[in-house]
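Worksheet for the structure shown next.
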Amino acid sequence: MASRANHLVLLGCGVLCAAALLCAVMVGPSAAQAQVYQGPAPQAAIPSPAAASNFPIASDARLAGDAKQTRFILDLDKPVQFRAFALADPYRVVVDLPQVNFQLPAGVGVTGRGLVKAYRYGLIMPGGSRIVFDLTGPAKIAKSYVLEAANGQPPRLVLEFEEVDRTAFVQSLSPESRPELRPGIAEANAAVARADAPAAPPSPPDKRPVVVIDPGHGGVDNGTQAGGGDIMEKNLVLGFGLALRDRLEKSGKYRVVMTRTDDTFVPLGDRVKIARSESAALFVSIHADALRRGEGDAQGATIYTLSDKASDSEAERLADTENKSDAIGGVSLADEPTEVADILIDLVQRETKTFSNRFARVLMGEMKTTVRMHKHPLKSAGFRVLKAPDVPSVLVELGYVSNKGDLEHLVSENWRNRTVGSMAQAIDAFLAKRLATAGPGK
């Protein structure tokens, strides 16, 4: 089952890389960036503040023009190399860069101009950043280039968009990105992969229960932020997820699968697919919430299960926010395979929902002895990431980065270790009956 999940992930990555290479526009010398993380560093992919100073800095961005021709300008402190390519349904333009330290004014990209509806930016993987433009309609990249510093002006990345009709837009795409060709190309690639795959000697099946740990957000999707934007939810929950993985693997009782192990964007549908393809016994999604300024204060950990009707307005707000995270990475649900689209709309099986609620109660019982809990610690809402119909699933909000006390805990290695321990005990208690049937791993 793991090989099938890996094949799906690798195939998707291969298609995207091919599109980028075929449509790439290469300009200028190379460089690299990092996000600054001031909590405990969970892994080497999160660089230190000293390393961040070596990366190009983007200080400002702006749009000019109209619905016929629109120009995007990004001010940098040094020239960079980039690739620009278009995607259809919805109309988008993606610009891949080396790691860039984005220090843009607040609110940049929320509103657009001319051919650009809006744009977003961030780290998509270690060593690479991305800017995603949502277009108002079909448009081509008429010109793209980097200007050297001159006349007191900094180096600038410039993209010039030009309006075209749908036919011209689709014909300008690489074969892998053309909507009408995607299914045939995917089928052909899968057939070639099956034919080329060497025969592997059979290995004894691993009967240990599979636990899928899902650190929320990642890559261009930073999640909530604190400390002036330096402390990001995606880094906090990744560090926690890796620590939980290590604790569970050390016991030898489980096979642990991570939806991401580095700063990479993973669409919500792919997270669900990973859990289902691995026949997971449990899916645990890790997050850290925040309240907007003016919405008051809240603190403590909260455990969410799936429900068609949110348990309260705060749960509904959080689910709406999390369910929109795919848009940050430029992902459209229309691009998902039918199987995944069905998962996102089907009702969860009654038995699975019962198991999810049971684990949530066990988890609350263990966590409340070591962790400060929210005044209403058990809630429910329509989280898309919890909608695998045959995998018991919970979403854990470790605390509020908007609360000073919670934030101190979230960046504390001692707090993380205690919380990881309580979650591991809850998983042991919940899966004890299944372990008795399967037996411990060798």
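Which ³J(HN,Hα) values in Hz, rounded to whole numbers, follow from the phi angles of region 141-151 under the Karplus curve 6.51 cos²θ - 1.76 cosθ + 1.60, where θ = phi - 60° and Gly and Pro get x?
8, 5, 8, 8, 6, 10, 8, 5, 4, 6, 6
Could you work out the local net charge near P105, counting Lys and Arg as +1, Asp and Glu as -1, over the other residues with Cβ closer than 13 Å to its Cβ?
-1
With θ set to phi - 60° and the Karplus curve 6.51 cos²θ - 1.76 cosθ + 1.60, what are the ³J(HN,Hα) couplings of region 353-360 in order, to the nearest whole Hz, using x for Gly and Pro?
Along region 353-360, the couplings run 4, 4, 5, 4, 5, 5, 5, 4 Hz.
Hey, for a label at V158 modelled as a point 7 Å past Cα toward Cβ, could you say which residues of region 122-147 have their backbone N under 15 Å away?
Within reach of a label on V158, which here means backbone N under 15 Å from a point 7 Å along Cα→Cβ, region 122-147 contributes 142-147.
Measuring from label point to label point, each 7 Å out along Cα→Cβ, what is the E148 to R62 span in nm?
2.4 nm
Sort the following peptides by mean Cβ neighbour count (other Cβ atoms within 10 Å, averaged over residues), highest first: 147-159, 55-67, 90-102. Could the numbers behind the result be given before it?
Working: 147-159: 14.2, 55-67: 16.5, 90-102: 21.2.
So the peptides 147-159, 55-67, 90-102, ranked by packing, come out 90-102, 55-67, 147-159.
Leaving ligands, DNA and RNA out of it, work out the accessible area of H409 with a 1.4 Å probe and give it in Å² to the nearest 10.
70 Å²
Can you give the FRET efficiency for D206 and R358, using 1/(1 + (r/R0)^6), R0 = 22 Å, r = Cβ-Cβ distance, to the nearest 0.05?
0.35
Quick one: which of K404/K433; K140/K273; K309/K375; K253/K404; K117/K309; K250/K368 span more than 28 angstrom between C-alpha atoms?
Among K404/K433; K140/K273; K309/K375; K253/K404; K117/K309; K250/K368, the Cα-Cα distance tops 28 Å for K404/K433; K140/K273; K253/K404; K117/K309.
Multiply the residue gap between D246 and T111 by 0.36 nm, knock off their C-alpha separation, and tell me the result in nm, one decimal place.
Gain in length upon complete extension: 44.4 nm.
Between T370 and R166, with labels modelled 7 Å along Cα→Cβ, what's the label distance in nm to one decimal, could you check?
Between T370 and R166, the label points sit 5.6 nm apart.
I need the phi-derived Karplus couplings for region 233-240: 6.51 cos²θ - 1.76 cosθ + 1.60, θ = phi - 60°, integer Hz, Gly and Pro marked x.
Per-residue couplings from phi come out as 4, 4, 6, 4, 6, 5, x, 5 Hz.
Using modelled backbone amide H atoms (1.01 Å from N, in-plane), which distant-in-sequence or interchain residues come within less than 5 Å of K78's amide H?
I57
Taking amide hydrogens as modeled 1.01 Å from N in the peptide plane, which residues meet the under 5 Å criterion relative to G128, leaving out close sequence neighbours?
For G128, the qualifying residues are Q99.
Amide H of G223: which non-local residues (sequence gap of 5 or more, or other chain) have their own amide H closer than 5 Å, using H built in the peptide plane?
Correct list: G218.
Just how far, in whole angstrom, is region 365-442 from region 56-75 if you go by their alpha carbon centroids?
Here the answer is 43 Å between Cα centres.
The values are calculated or read from the model by the stated rules, or taken from the named source; none is laboratory data. Note that the structure is a prediction, hence the values are computed from the model and not measured. With ideal geometry, Cβ positions are generated from the backbone for all residues, glycine too; neighbour counts draw on all protein chains shown. Heads up: the accessible areas ignore ligands, DNA and RNA and are worked out on the full protein's heavy atoms, side chains in. Shrake-Rupley method; radii C 1.70, N 1.55, O 1.52, S 1.80 Å.
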